[in-house]
Amino acid sequence: MAVVSKRPFVIEHLRKAQMIELLAQGRRLDGRSLLDYRPIDIKCNVIQKANGSALVSLGNTQVIAGVKIEVGAPFPDTPDKGVLVVNAEILPLASPYAEPGPPDEDAIELSRVVDRGVRESGMIDLSKLVLIPGQKVRAVFVDVSVLNVDGNLIDATSYAVVAALLTTKMPEVEVTPSGEIKEKDSMIPLPASKIPVSVTFARIGEAMVVDPNSEEEAVMDARITLTTIDEGHLCAGQKGLAGGLTYEQIMFAAETAKIKGQEIRGLIKKAVSSVG
Amino acid sequence: MGKLINDGIRVDGRRVDELRPYRLEVGVLKNADGSAYIELGKNKIIVAVYGPKEMHPKHLALPDRCVLRCRYHMSPFSTDVRKPPAPTRREIEISKVIREALEPAILVEEYPRTAIDIFLEVLQSDGGSRCAAITAASLALADAGISMYDLVVACAVGKVDGVMVLDLSDIEDKEGEADMPVAVMPNLNIITLLQLDGILTHEEFKQGIDLALSGCRKLYEAQRKALMEKYFKGGLNQQEEAE
């Protein structure tokens, strides 16, 4: 895990002024319009030793997610549910500003916001992961490594986690009468249904843009991430940074998250189906 | 799962748009520059503000503004099962969102090179502790005399038995379908905290925010009263007469 300095990019006042001027005209420094994502590339099954994996590029932001499935004990307060753990690390190789060390609050927030999106969407039916109620369940560990930092780690991480889970295969198991778990040779997918898609907005001045890059993140006033499921309903949200949002800006984000989420859901489906 | 709402009445006897009983008090700790205490349902939270003060370590100081630091912490005895005293990942995330909910209200440029520390201790937890903590923290900031654009007040809403309800209790939070904490600067209409856990339609989302804002307005009145109680004991009129 690494710590990335809060303001990795020193943006000169002139450049910030130029950015805000362009935003007022509905354009951005890298040529995108306000509601354009950078090119999204999703490749599944990139790590053979993992049960599921995905490599996601969002412009220059790059993350890799791997799923490992083990047999373990359930949490005491949910004896009838399997275990799902999502954890994200920003590797020291991901940015000149990243340093090794315990996870800082940004890395913890990243993990928890992505985890919340997957968990609250009901994407994985955890009740189907129970082997012996109260004693043995499947534990699904999703670990994400950020390989290159260029803004919007939340969305890149979220798409990688979802694509990796959708392509996860695990051995079928048999519970012997003596309570032992035996793995069989046949592989089955995870009980996954919905596809949660997060859409992250940055407020820069009065403008709301999606998918901010590092340069935009260095000057943004507030951030909001909203996650939707297939039906368009919202399932998770998180406002970030030391700025506020108006009621109208939040409603705009909610509507846009639905539309953009649908587009990106198509990309994830395509990437998942291309590996079978 | 038992039914949590019967004929529009919740398990603790409240209507869907009703807050739990609350009590706010300003200036409860002698050593702190500012402090406040809140009870909301079973929540008992004490907040202290130290600062603006010299920043340590010095290299973290900013030349043009102050740095806000927040520590939300739950006492080991505050929960049903003992919570080990070391900060959990949940507490670290909540500390961050609370800081980011309060910071928009503070005139940070007035205090260059300094730090403002906000310590929020949950002595007893119930649903919505981060919201109650924010409501108390902005009182503690005001008590410390820190320049602010507005108070910040927070309140959670959620979906329980398919209905949007105000100010979730512990059981409603755990067994309900969704939980959405909201913080607002009520005079500026700027929302400074928004989190969502659980599935809501767009209609429910909008309804939820409206409901949360109505709850925040009630708590805002209580905040004002608590400040008056400390600073204008005899009431505003009496003070005017004295002048």
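Here are the numbers for this structure:
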{"quantity": "Selection within the stretch B:1-25 - part of a strand (DSSP E or B) and under 13 Å from B:ALA222 (Cα atoms)", "calculated": "B:TYR22, B:ARG23, B:LEU24, B:GLU25"}
{"quantity": "Cross-chain or 6+ apart pairs with Cβ under 7 Å, the stretch B:97-122 first and over 19 Å from B:ALA61 (Cβ atoms), then among the hydroxyl-bearing types (Ser, Thr, Tyr) and surrounded by fewer than 19 Cβ atoms within 10 Å (Cβ to Cβ)", "calculated": "B:ALA105/B:TYR149; B:GLU121/B:SER75; B:VAL122/B:SER75"}
{"quantity": "Candidates A:VAL162, A:VAL113, filtered to the one that is more than 14 Å from chain B (Cβ to nearest Cβ), buried (at least 20 other Cβ atoms within 10 Å of the Cβ), in contact (Cβ under 8 Å) with a residue 12 or more places away in the chain and touching a strand residue (DSSP E or B) at 6+ places or on another chain (Cβ under 9 Å)", "calculated": "A:VAL162"}
{"quantity": "Selection count, the stretch A:226-269, where residues are of a type in the set (Lys, Arg) and in contact (Cβ under 8 Å) with a residue 40 or more places away in the chain", "calculated": "3"}
{"quantity": "Criterion violated by B:VAL157 - all others in (1) surrounded by fewer than 23 Cβ atoms within 10 Å (Cβ to Cβ); (2) closer than 20 Å to B:VAL97 by Cβ satisfied", "calculated": "(1)"}
{"quantity": "Residue that is nearest to the chain's Cα centre (by Cα) [pool: residues in the stretch A:157-170 that are assigned to a helix (DSSP H, G or I) and among the polar types (S, T, N, Q)]", "calculated": "A:SER158"}
{"quantity": "Failed item, numbered, when B:ILE146 is tested on (1) surrounded by 17 or more Cβ atoms within 10 Å (Cβ to Cβ); (2) more than 13 Å from every other protein chain (Cβ to nearest Cβ); (3) part of a helix (DSSP H, G or I); (4) in contact with a helix residue (DSSP H, G or I) (Cβ under 9 Å, 6 or more places away or on another chain)", "calculated": "(3)"}
{"quantity": "Residue selected from the stretch B:160-190 under the condition within 14 Å of another protein chain (Cβ to nearest Cβ) and assigned to a helix (DSSP H, G or I), by the criterion surrounded by the fewest Cβ atoms within 10 Å (Cβ to Cβ)", "calculated": "B:LYS174"}
{"quantity": "Pick from the stretch A:1-26, criterion in a loop (DSSP other than H, G, I, E, B) and farther than 16 Å from A:SER214 by Cα, ranking: modelled with the lowest pLDDT", "calculated": "A:MET1"}
{"quantity": "Qualifying residue in the stretch A:78-87 (condition: surrounded by fewer than 24 Cβ atoms within 10 Å (Cβ to Cβ), in a strand (DSSP E or B) and in contact with a Pro (Cβ under 8 Å, 6 or more places away or on another chain))", "calculated": "yes"}
{"quantity": "A:ILE154 more than 14 Å from A:LEU84 (Cα to Cα), part of a helix (DSSP H, G or I), within 14 Å of the chain's Cα centre (by Cα) and without any contact (Cβ under 8 Å) to a residue 24 or more places away in the chain", "calculated": "no"}
{"quantity": "Matching strands (runs of 3 or more DSSP E) fully within the stretch A:171-276 where at least 3 residues are within 14 Å of another protein chain (Cβ to nearest Cβ) and at pLDDT 90 or above", "calculated": "A:197-204, A:222-228, A:234-240"}
{"quantity": "Number of the condition not met by B:LEU194 [criteria: (1) of a type outside the set (Asp, Glu); (2) in contact (Cβ under 8 Å) with a residue 40 or more places away in the chain; (3) within 12 Å of chain A (Cβ to nearest Cβ); (4) not in a helix (DSSP H, G or I)]", "calculated": "(2)"}
{"quantity": "Number of the condition not met by B:ILE116 [criteria: (1) out of contact with any Leu (no Cβ under 7 Å at 6 or more places or on another chain); (2) modelled with pLDDT of 95 or more; (3) closer than 30 Å to B:TYR231 by Cα]", "calculated": "(1)"}
{"quantity": "Strands (runs of 3 or more DSSP E) contained in the stretch B:26-108 and holding at least 2 residues farther than 26 Å from A:GLN238 by Cα", "calculated": "B:34-40, B:43-54"}
{"quantity": "Residue count for the stretch B:51-105, restricted to those that are of a type in the set (A, V, I, L, M, F, W, C), surrounded by 13 or more Cβ atoms within 10 Å (Cβ to Cβ) and within 18 Å of B:GLY128 (Cα to Cα)", "calculated": "8"}
{"quantity": "Residue in the stretch A:87-103 that is within 14 Å of chain B (Cβ to nearest Cβ), of a type in the set (A, V, I, L, M) and farther than 30 Å from A:LYS184 by Cβ present", "calculated": "yes"}
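Here's the yes/no breakdown for (1) closer than 27 Å to B:LEU194 by Cα; (2) among the aliphatic types (A, V, I, L, M):
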site	(1), (2)
A:SER178	no, no
A:LEU190	no, yes
A:VAL199	yes, yes
A:VAL209	yes, yes
A:LYS239	yes, no
A:GLN249	yes, no
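The rows are residues; the columns are (1) out of contact with any Pro (no Cβ under 9 Å at 6 or more places or on another chain); (2) of a type in the set (D, E, K, R); (3) buried (at least 16 other Cβ atoms within 10 Å of the Cβ).
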residue: B:GLY8; (1), (2), (3): yes, no, no
residue: B:ARG14; (1), (2), (3): yes, yes, yes
residue: B:ARG20; (1), (2), (3): yes, yes, yes
residue: B:LYS30; (1), (2), (3): yes, yes, no
residue: B:VAL49; (1), (2), (3): yes, no, yes
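The values are calculated or read from the model by the stated rules, or taken from the named source; none is laboratory data. Model, not experiment: these values are computed from the prediction. Note that we place each Cβ from the backbone using ideal geometry, even for glycine, and neighbour counts take in every protein chain shown.
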